[in-house]
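Data block below; observations after.
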Amino acid sequence: MSFELTIEPLGQTIGIEEGQTLLDAALRAGIYLPHACCHGLCATCKVQVADGEVEHGEASSFALMDFERDEGKCLACCATAQSDLVIEAEIDEDPDAENLPVQDFGGVVSRIEALTPTIKGVWIRLDAPIRFQAGQYVNLNLPGGIGSRAFSLASPPSASGEVELNIRSVPGGQGTAYVHEKLRVGERIGISGPYGRFFVKKSARMPVLFMAGGSGLSSPRSMILDLLEEGFALPITLIYGQRQRDELYYHDEFVALAAQHPNFRYVPTLSDEPAASSWAGFRGFVHEAAKTAFDNDFRGHKAYLCGPPLMIDACITALMQGRLFERDIYTEKFISAADTQQVRSPLFKAI
């Protein structure tokens, strides 16, 4: 059984299948609805049902209060249609968004490489190329009832036939345990995407600053490679932090890119490197390296932050102290049930 879903204020009507969430139907039609966690926990995807009936699914009672349900609100990531629907959503137009429809792709694992002691690079040769914007992510569909997990694309859009994912081993994580311990070259696997609104605001024509930590390097790498490939002439800076030298992956690639492109600056930093090591680069955290590199003045930049929540919060504080404010700061956070227990800045939404 299928129904019709009309999305206001766009006035656009699309099909929605029985059991399909409102969010999935919209994204597969190339319509972006604001969302973040996709687990019914954060309330970013809250919409108003103007006509019709929905099943609320696994929406948290904290993210969607009882009185809000009575008022006809629902969470698009959990709600399914019980009839034809009309919903009202807050949809911001973005001149840099390509609004690509989410699709399913099959492929074969073509390569697996240990990038650091805890991060593996996984390359998937797809049966058909995927169109995406640098900075977006895909859901990796894992077997054995594990389900799907979200990972940023580390390869640039020009490499659309074979995508790269950088996957960090998470203690107790069933999905990352499968990737690190069981996934093999030659195995067939599926992805869906592209997802997300994390991409460079090229139309702003402003210098770009990337601040990344851990496996949060994936999106900036894709974005930087894309910018350099297309001949972006304004300054590009990457400040990338890890704890120790053996965790600093793609270091040689970025050193080479900085030597090749005068407008690209690479600032690696280590927060826990042994004092006796030969490391001659910056020692400290990402936000500390950024303050030193820019003399604590970030005005005139667009900043893109990717990494652990604590790193992002520290970077936001440093940027604002250096006169860069909300309209020019963009963050990428994947939110799990555990993440919702952490304190998050009230000024910024993950995109």
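The values are calculated or read from the model by the stated rules, or taken from the named source; none is laboratory data. Computed from a prediction, not measured in an experiment: that's the story for all the values here. With ideal geometry, Cβ positions are generated from the backbone for all residues, glycine too; neighbour counts draw on all protein chains shown. Please note that ligands, DNA and RNA were not included when accessible areas were found on the heavy atoms of the full protein model with its side chains. Shrake-Rupley method; radii C 1.70, N 1.55, O 1.52, S 1.80 Å.
Enter the angle in degrees (range 0 to 90, nearest 10) between the Cα long axis of helix 251-260 and the first principal axis of the Cα atoms of the chain, meaning the one along which they spread out most. Rounded to the nearest ten degrees, it is 80. Please work out, to two decimal places, the log10 of the ratio I(q)/I(0) at q = 0.07, 0.08 Å⁻¹ from a Debye calculation in which every Cα of the chain carries one identical scatterer. These q points yield log10 I(q)/I(0) values of -0.31, -0.41.
Counting only alpha carbon atoms, the long axis of helix 218-229 and the longest principal axis of the chain meet at about 70°. In segment 32-136, Cα pairs under 8 Å separated by at least six residues give a relative contact order of 24 percent. Comparing Cα centroids, segment 55-127 and segment 189-228 end up 18 angstrom apart. The HN-Hα couplings worked out from phi for segment 52-65 by the Karplus form 6.51 cos²θ - 1.76 cosθ + 1.60 (θ = phi - 60°) are x, 10, 10, 9, 6, x, 8, 4, 5, 5, 7, 6, 9, 5 Hz, whole numbers, x standing for Gly and Pro. Diffusion of segment 161-239 by Stokes-Einstein, at 4 °C in a medium of 1.567 mPa s and with Rh set to the Kirkwood radius over alpha-carbon pairs, works out to 85 µm²/s.
Distances between placed amide hydrogens fall under 5 Å for residue 230 paired with no residue 5 or more residues away or on another chain. P(r) tail for segment 9-78: Cα pairs beyond 14 Å make up 57% of the total.
Across segment 185-193, rounded Karplus estimates of 3J(HN,Hα) from the backbone phi angles (6.51 cos²θ - 1.76 cosθ + 1.60, θ = phi - 60°) give 4, x, 6, 7, 8, x, 9, 10, x Hz, Gly and Pro being marked x. Taking the charge dipole of the chain about its Cα centre, with +1 at Lys and Arg Cβ atoms and -1 at Asp and Glu Cβ atoms, the residue from 158, 209, 76 reaching farthest to the positive side is 209. Toward the positive end of the charge dipole of segment 126-275, with +1 on the Cβ of Lys and Arg and -1 on the Cβ of Asp and Glu, the farthest Cα among 139, 248, 275 is that of 139. Of all beta bridges that DSSP places with both ends in segment 121-241, some 75 percent have antiparallel geometry.
A convex hull fitted around the alpha carbon atoms of segment 1-42 yields 72 Å³ per residue.
Between 0 and 90 degrees, the angle of helix 309-321 with respect to the longest Cα principal axis of the chain falls at about 70 degrees. Given a 1.4 Å probe and the protein chains as shown, residue 243 ends up with an accessible area of around 130 Å². Net charge dipole, segment 1-140: roughly 940 debye, given to the nearest 20, about the Cα centre with Cβ charges of +1 for Lys and Arg and -1 for Asp and Glu. If the Kirkwood radius is taken over C-alpha pairs of segment 159-307, then at 4 °C and 1.567 mPa s the Stokes-Einstein diffusion coefficient equals 76 µm²/s. Can you pull the percent of segment 107-266's accessible area that's carbon plus sulfur, 1.4 Å probe, other chains left in place? Carbon plus sulfur share of accessible area: 50 percent. Taking only the Cα atoms of segment 1-121, the radius of gyration and Dmax are 16.9, 53 Å.
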